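*Asks:* One structure is given below, represented as structure tokens, and several questions about it will come after.
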Amino acid sequence: MRPTRTQAFVAIVALLALALAGCTSIDEKTAETEQLSGPGENAGALYDRLPQAIKDKGEIVFVGDSHPPYRTVAADGKTITGMDPDIQQALSGVLGVPIRMEVSSGLPAMLSGMLSGRYDAFNGPVKATPQRLAEFDGVQWLTSRTSYLLPINGGIAAQSTDELCGTRTAGVIGSITEEQAAKLSGWCESSGRQPLEFVGLADTNATLLAVQSGRADSAALTQSGAIDTAAAQPNTWRAVAQTEDQGARADQLVLLSPKTNGLGPVFYQAFELLFSGGQYAELVAKWKLEDIAVAEPVLNPTAPA
């Protein structure tokens, strides 16, 4: 006899707890703050709407790199901390299946890995673009602007992004920050200044190391990443924010899943439940994301070309 949805969900939650205990730990920042509430009456509410292939597999596989505060990958290459474990736990609660994370490096590898079926989803931070939304479903649940981290001691004395013209900034290849740095560089040239040089690297850790080693003058991060890094390393970093005049409009950050796996609409419904059930507001408050939160999730937002 096939188990009922409730029975299956109880069993899955038990397995998820074991998996998380063995594979993913919660960092000190998470452990010291109030945990998110559970799914309550929405527990497993969307299980029946999952694609059959996901039900047969018994899990959803996310991919990600080290990108605080979303994810910090420990030296063992397996332990992942940050806000992604929180959002995955919340999504798992309403979807009724475990969510597992695999570590990769570089946006191109993660996108191609999803298209090949190796991974089911990626939580970014990644910007919605017409090209990406042609192949992927995207659920917007945050916005972002770009900030540049500079060392408090040593380095250049820039007090605003105007003064970054003619300097070098390190950022993640293929990321939102690479696009924003290009816009800032264009602004510099249109203002009669030297362009900003972008040093493309694999992940956020590499960008910070590039600044600390003198290979770059600043590190280009998403607004949430800059806030988190500066708070985690007090008296080490200061941030300057790119302005709208320099092309820094608020980008639509999306959770991506391939259109071929059918998860996009279900993720959207899951986020609707997290918003209506209050878990989204809890996560936003916990990770101090109020400045980049959205009023409601959007499936496949209209992205500027």
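*Asks:* Residues in the stretch 258-282 that are surrounded by fewer than 19 Cβ atoms within 10 Å (Cβ to Cβ) and assigned to a helix (DSSP H, G or I): how many? Quick ask: steps written out before the conclusion?
*Replies:* Of all residues in the stretch 258-282, those surrounded by fewer than 19 Cβ atoms within 10 Å (Cβ to Cβ) come to 259-260, 262, 265, 269, 272, 275-276, 278, 281-282.
Then keep just the ones that are assigned to a helix (DSSP H, G or I); that gives 259-260, 265, 269, 272, 275-276, 281-282.
Residues in the stretch 258-282 being surrounded by fewer than 19 Cβ atoms within 10 Å (Cβ to Cβ) and assigned to a helix (DSSP H, G or I): 9 in total.
*Asks:* Kindly evaluate GLN212 against the criterion of being in the same structural domain as ALA157 (by TED's automatic domain parsing), of a type in the set (S, T, N, Q), more than 30 Å from VAL63 (Cα to Cα) and in contact (Cβ under 8 Å) with a residue 24 or more places away in the chain.
*Replies:* Judged against the criteria, GLN212 is not a match.
*Asks:* Okay, moving on. Looking at the stretch 119-172, which of its residues are crowded, with 18+ Cβ neighbours inside 10 Å, within 30 Å of SER213 (Cα to Cα) and of a type in the set (A, V, I, L, M, F, W, C)?
*Replies:* Within the stretch 119-172, VAL126, LEU149, LEU150, LEU164, CYS165, ALA170, VAL172 qualify.
Conditions tested, residue by residue: (1) farther than 28 Å from THR302 by Cα; (2) out of contact with any His (no Cβ under 6 Å at 6 or more places or on another chain); (3) in a loop (DSSP other than H, G, I, E, B).
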{"residue": "TRP141", "(1), (2), (3)": "no, yes, no"}
{"residue": "GLU163", "(1), (2), (3)": "yes, yes, no"}
{"residue": "GLY166", "(1), (2), (3)": "yes, yes, yes"}
{"residue": "THR177", "(1), (2), (3)": "no, yes, no"}
{"residue": "ARG193", "(1), (2), (3)": "yes, yes, yes"}
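*Asks:* Show the residue pairs that are 6+ apart or on different chains and have beta-carbon atoms under 6 Å apart, the first residue being within the stretch 292-305 and more than 11 Å from THR129 (Cβ to Cβ) and at pLDDT below 95, the second being of a type in the set (S, T, N, Q) and part of a strand (DSSP E or B).
*Replies:* That search, which allows pairs on different chains as well, returns ILE292/THR143; ILE292/SER144.
*Asks:* Moving on. Six or more apart or on different chains, Cβ atoms under 7 Å: show the pairs whose first residue is in the stretch 267-291 and under 15 Å from GLN35 (Cα atoms) and whose second is of a type in the set (Val, Ile, Thr) and assigned to a loop (DSSP other than H, G, I, E, B).
*Replies:* Final answer for the pair search is LYS286/THR33.
*Asks:* Additional query: Specify which of the listed residues (ALA90, ALA74) is under 26 Å from LYS288 (Cα atoms) and either at pLDDT 95 or above or surrounded by 23 or more Cβ atoms within 10 Å (Cβ to Cβ) (or both).
*Replies:* Going through ALA90, ALA74 in turn, just one is under 26 Å from LYS288 (Cα atoms) and either at pLDDT 95 or above or surrounded by 23 or more Cβ atoms within 10 Å (Cβ to Cβ) (or both): ALA90.
*Asks:* Being touching a Leu at 6+ places or on another chain (Cβ under 9 Å) and among the basic types (Lys, Arg) narrows it down to one of ARG215, ARG193, so name that one.
*Replies:* ARG215
The values are calculated or read from the model by the stated rules, or taken from the named source; none is laboratory data. As the structure is a computational prediction, the values presented were derived from the model and not from experiment. Ideal geometry is used to build each Cβ from the backbone, glycine not excepted, and the neighbour counts take in all protein chains shown.
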